[in-house]
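The values are calculated or read from the model by the stated rules, or taken from the named source; none is laboratory data. In this text, all values refer to a predicted model and were calculated from it rather than measured experimentally. Positions of Cβ are generated from backbone atoms using ideal geometry, with glycine treated the same way; all protein chains shown enter the neighbour counts. Only protein heavy atoms, including side chains, enter the accessible area calculation; ligands, DNA and RNA are left aside. Shrake-Rupley method; radii C 1.70, N 1.55, O 1.52, S 1.80 Å.
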Amino acid sequence: MKKTHVLPLALLVACFSLSGSLLAAGEKPADASSAKVTALKEREAADELTRVLKDIQTLQAQFQQTTMDNGGRRLQESSGDMVLKRPNLFRWNVADPFPQEVVSNGQQVSYYDKEMEQITLQDLDLASSATPALLLSGDTAAMLESFAVNMAKTSGNHFFTLLPKGGDSPFQELQLTFVDGRLSNMVLLDSLGSRTKILFDKVVMNEPVKDKLFEQYVPPGIDVLDQRASVMNAQKPASQSVGKP
């Protein structure tokens with residue numbers, strides 16, 4: 001199997017049905033009255049998702065992740081474990097088949113590719129990084145302003161669908177399933193039609209987690225590519241004024 005890097009958005013991620021809510025979200029309301037009803041339903045769904053996520057202060061789990069193309073062909077499988085803590089702290093460990101770590105300490109994100117022996121550092125941009133990891137660990141209410149949210153409920157189960165309102169989102173659709181208040185699975189649909197599904201197992205919620213867990217350890221001999229704005233700006237040559245001699 002060809003190696004493909006696990007993108008940070010796909011970290012928290014057959015697709016389940018939401019009783020037609022995906023189709024309804026993509027249709028234009030017929031009139032102003034139906035538009036108001038749609039907006040009200042989306043607001044209620046967003047409020048309910050906010051309530052569910054606010055009950056999660058820490059989350060630890062194992063995961064199985066599968067990515068398939070738009071024709072249903074399996075592209076990649078991976079597994080590992082993850083831990084989240086509010087606000088904006090997360091660690092995602094891919095153990096198999098290609099060991100990788102993605103860690104946020106609330107200010108920066110580090111991507112550690114163990115096979116390539118390289119760590120890349122980037123700023124954590126809360127304003128534009130509407131990722132599944134941040135939806136689970138950050139200011140959920142504020143981030144949900146960027147999405148149209150649909151919801152379906154059965155006994156003990158919540159099914160949410162998030163559709164980005166802007167055109168700059170790295171994914172077209174995000175689905176979350178909660179069973180008895182616990183995160184069960186996530187599904188991401190990207191712009192090429194690929195679908196990534198993540199199944200969570202051995203979920204532990206709201207147990208104490210030390211902040212030290214979200215600091216990236218740099219082993220000896222590992223290359224560090226620092227792409228944080230403060231470092232990149234410091235490396236730029238100083239601008240020189242051009243005047244008459």
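Would you check which residues across segment 144-167 are open to solvent by 20 Å² or more (accessible area, probe 1.4 Å), within 18 Å of the chain's Cα centre (by Cα) and within 17 Å of Met186 (Cα to Cα) and list them?
Asn150, Phe159, Leu163, Pro164
Confirm whether Asp81 is surrounded by fewer than 18 Cβ atoms within 10 Å (Cβ to Cβ), out of contact with any Cys (no Cβ under 9 Å at 6 or more places or on another chain) and at pLDDT 95 or above.
Here the answer is yes, as Asp81 does meet what is asked.
Of all residues in segment 194-222, count the ones that are under 17 Å from the mean Cα position of the chain (by Cα) and not aliphatic (A, V, I, L, M).
Count: 6.
Of all residues in segment 82-116 being in a strand (DSSP E or B) and charged (D, E, K, R), which is nearest to the chain's Cα centre (by Cα)?
Arg91
Within segment 162-180, how many residues are closer than 18 Å to Ala141 by Cβ and at pLDDT 90 or above?
Of the residues in segment 162-180, 5 are closer than 18 Å to Ala141 by Cβ and at pLDDT 90 or above.
Check Leu121, Leu134 and return the single one that is aliphatic (A, V, I, L, M) and within 13 Å of the chain's Cα centre (by Cα).
Being aliphatic (A, V, I, L, M) and within 13 Å of the chain's Cα centre (by Cα) holds for just one of Leu121, Leu134, which is Leu134.
Determine if segment 66-73 includes at least one residue that is more than 23 Å from Val209 (Cα to Cα), open to solvent by 20 Å² or more (accessible area, probe 1.4 Å), in a strand (DSSP E or B) and among the aliphatic types (A, V, I, L, M).
Yes.
Quick one: is Ser104 touching a helix residue (DSSP H, G or I) at 6+ places or on another chain (Cβ under 8 Å), hydroxyl-bearing (Ser, Thr, Tyr) and at pLDDT 90 or above?
Yes: the conditions hold for Ser104.
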